[in-house]
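Below is one structure, written out as structure tokens; comments come after it.
The values are calculated or read from the model by the stated rules, or taken from the named source; none is laboratory data. Only a predicted model underlies this, so the values are computations on that prediction, with no experimental measurement involved. Please note: Cβ atoms are built from the backbone with ideal geometry, for glycine as well, and neighbour counts cover all protein chains shown.
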Amino acid sequence: MSAPTARNENALAATPFGWVAGAMIAQQVAGKAVRDGLFLSQLAVSDLPKAMLASAVVSVPIVLGVSLWIRRFGPQRMAPLAFGVNAGLFVLEWVLLSRLPLWAAVVLYLHVASFGGTLISVFWSAIGERFDPHSAKHAIGRITNGAALGGLAGGVFVSQTAHGLEPGWLLLGLALLNLLCAFGLAGLGKSRVEPHPSLTSGSVLTSLAKSSYLRSIAYLVLLTGFVSALLDFGFKAAAAQSFGSGAQLIQSFAIFHTATAVLTVLVQTTLARRALDRLGLAGTLAILPASVLLTGSLGLALPSLWVRALPRAASAVLESSLFRSAYEPLYTPLSAETRRASKTIIDVAAGRLGEALGSGVVLLLLALLAGSSAPVLPIAMLAAALSLLLSLRMHGGYVAELAASLRSGSVTLQDTDALDSTTRLTLSQTHAEMSRGELLAQLAQLRGQPAEAGALGIARLERLSLAPQAASNATQPARAALLDGVDDLLSAEFGRVQRVLEQGPLDARLVPIAISLLQHARLVEPVTSALKAIAHTVPGQLVDALLDPTQPVLVRRRIPRVLKSALHVRAAQGLVEALRAPEREIRYRAALALNELTKARPDLSPQAPTVFDAVRQEIRLSPGTPIDLQHVFALLSLALAADALSLARQALMGVDARQRGTALEYLQNVLPEPLRSELVSHLESHDGRTAHSDPVSILPSD
């Protein structure tokens, strides 16, 4: 399946979720506006921190129960039920409102504050099990677009009806929206992950204890909730002081939520995809705390109501757009068991804990400062600074989890995947360009000449690079032995060649002839072994032959096996130069040999930009056709973690869509631009399994 088709399928799969997300956020925005207006109409603003603390306590049993259900039966079955329960609670509050308005306001506040976050977490848990890590970012972007539009619709609805409709009718409208969400989710089919009823209750704490990555996510959620609680109180206190209570207060909150919803739509539709592509998940997460620091500074400098509302507005806009787009994919590399056990609890419990801590700080400030809340904003900015630092550190953890997902998934390393034995090329035999018969005739002529002529013959061999070492001081027996060795090697007869090779280390003057014998399949192994034994002393001759275009390709492609044993800087340089050879099989063998050489001598590793340029060259040399994954990943292994790359390659060549998406997302996060865009785009456009039909991938090694 080509990537455009896959992207279209992901878009189609995400579209109905986008409509549900829109209805969900519409009821959440409208519910918050009604909740805040009713609460502050019935109680004092100083009661807000108490209500926030109470909602945090109430959320604990809710999130534990929901988490247990999700772990046992999956979020896809839980989501419709959760929305149905939410609708029932709004109906209950509608009944209470006409009889016990104070209790209705309290119950509504606890309900929306404690259950709203759980509802959203359940929804996103269902999303996380339908998309792989790579497609999740695109799908979540489309779904978040729908959520942003829903938030706008919810805010507009409440702002336009606050004066014309009784709050009770608004509650019934919220119940209807939740029922629509329940029916919509019920009709979207099952997730890709089956329920796992055997999960134990202690797995959440175990996962958090073992995983620093999960703890970082939890800390990030806690800090975000803490900052949100402080900013929310500061804004509502200022609004209550300016507008009093009743319909005007509800409308002011609705206007605020409508304005933030409009900005959320604009930010999400225009910036979310760009931020993810250019900044990555960590950079996109960092935008939220950075904006709080910036707008908070303005709020401190210009303490008017709407300027003081800027930090809360920035928090609301970015938390529902960029932050959500980057936050939800953080869970996609995790196993289904870990995700189900931890996501809802982290999303809700950590968030409520942060809000509870923020509420506690507010209560403490009100008690110590005689009702003044002036230090709330500076404390929120300090927490935002910590959140900024934590966000920037999430990239390393995310990449590590992607690699761990590849290691623990269905993709496993096999012995046949060792770099040394994956050099499987298909080449036809080529005729040697040097005339063996002519050399034999010259040798016979030399043997029939007097000693002086023989000395001239050896000198001629020296000029032909057959005897590069000075032979002027050689004795006549040594000359004869050299000529005998030349004669035996040029015969290409296995017994005679073997006799020369068994006499001890190969004479360096015979190396060029020995190299030419690599074209004979029967002689490859003994000649290779002999050349490996002296490779460290003659790396220059080996590199010259490797890069010589007049040498047979069959000979040149077998030289890297020798050079990888040289452990010499010239050998490494020659192999790097061979990465630019016109012949693909030579480039491939050179990459594999470089991997082996640099394992033993890491200091000889080529610079990462050189490696990435070689990969870009392979992409450019394969326009419209699949690149050879084995070669490209052998190159990438020179600059990146080899084990994770090998698993990523196997995932791309496999049939598991989630593993393939994990591999693409791993590459997306470890490669620099412009290689990242070029390679990922190429892999999205070509199914990696077609690499099996590539001739380079199926040849036997030699």
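Quick look at the numbers
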{"quantity": "Matching residues in the stretch 254-284 - criterion: being within 24 Å of Tyr666 (Cα to Cα) and in contact with a Leu (Cβ under 7 Å, 6 or more places away or on another chain)", "calculated": "Leu271, Ala272, Ala275, Leu281, Ala282, Thr284"}
{"quantity": "Hey, Val543 closer than 25 Å to Glu585 by Cβ and either surrounded by 15 or more Cβ atoms within 10 Å (Cβ to Cβ) or within 43 Å of the chain's Cα centre (by Cα) (or both) or not", "calculated": "yes"}
{"quantity": "Neighbours by Cβ (under 8 Å, 6+ apart or cross-chain): first from the stretch 379-396, basic (Lys, Arg); second surrounded by fewer than 20 Cβ atoms within 10 Å (Cβ to Cβ) and at pLDDT 90 or above", "calculated": "Arg393/Ser216"}
{"quantity": "Hits in the stretch 382-413 - residues which are over 17 Å from the mean Cα position of the chain (by Cα), among the aliphatic types (A, V, I, L, M) and at pLDDT 85 or above", "calculated": "Leu382, Ala383, Ala384, Ala385, Leu386, Leu388, Leu389, Leu390"}
{"quantity": "Unmet criterion (only one of (1) in contact with a Lys or Arg (Cβ under 6 Å, 6 or more places away or on another chain); (2) assigned by TED's automatic domain parsing to the domain that holds Val527) for Ile586", "calculated": "(2)"}
{"quantity": "The one condition in (1) modelled with pLDDT under 80; (2) assigned to a helix (DSSP H, G or I) that Met1 fails to fulfil", "calculated": "(2)"}
{"quantity": "Condition met for Leu285 (in a helix (DSSP H, G or I), modelled with pLDDT of 80 or more and not hydroxyl-bearing (Ser, Thr, Tyr))", "calculated": "yes"}
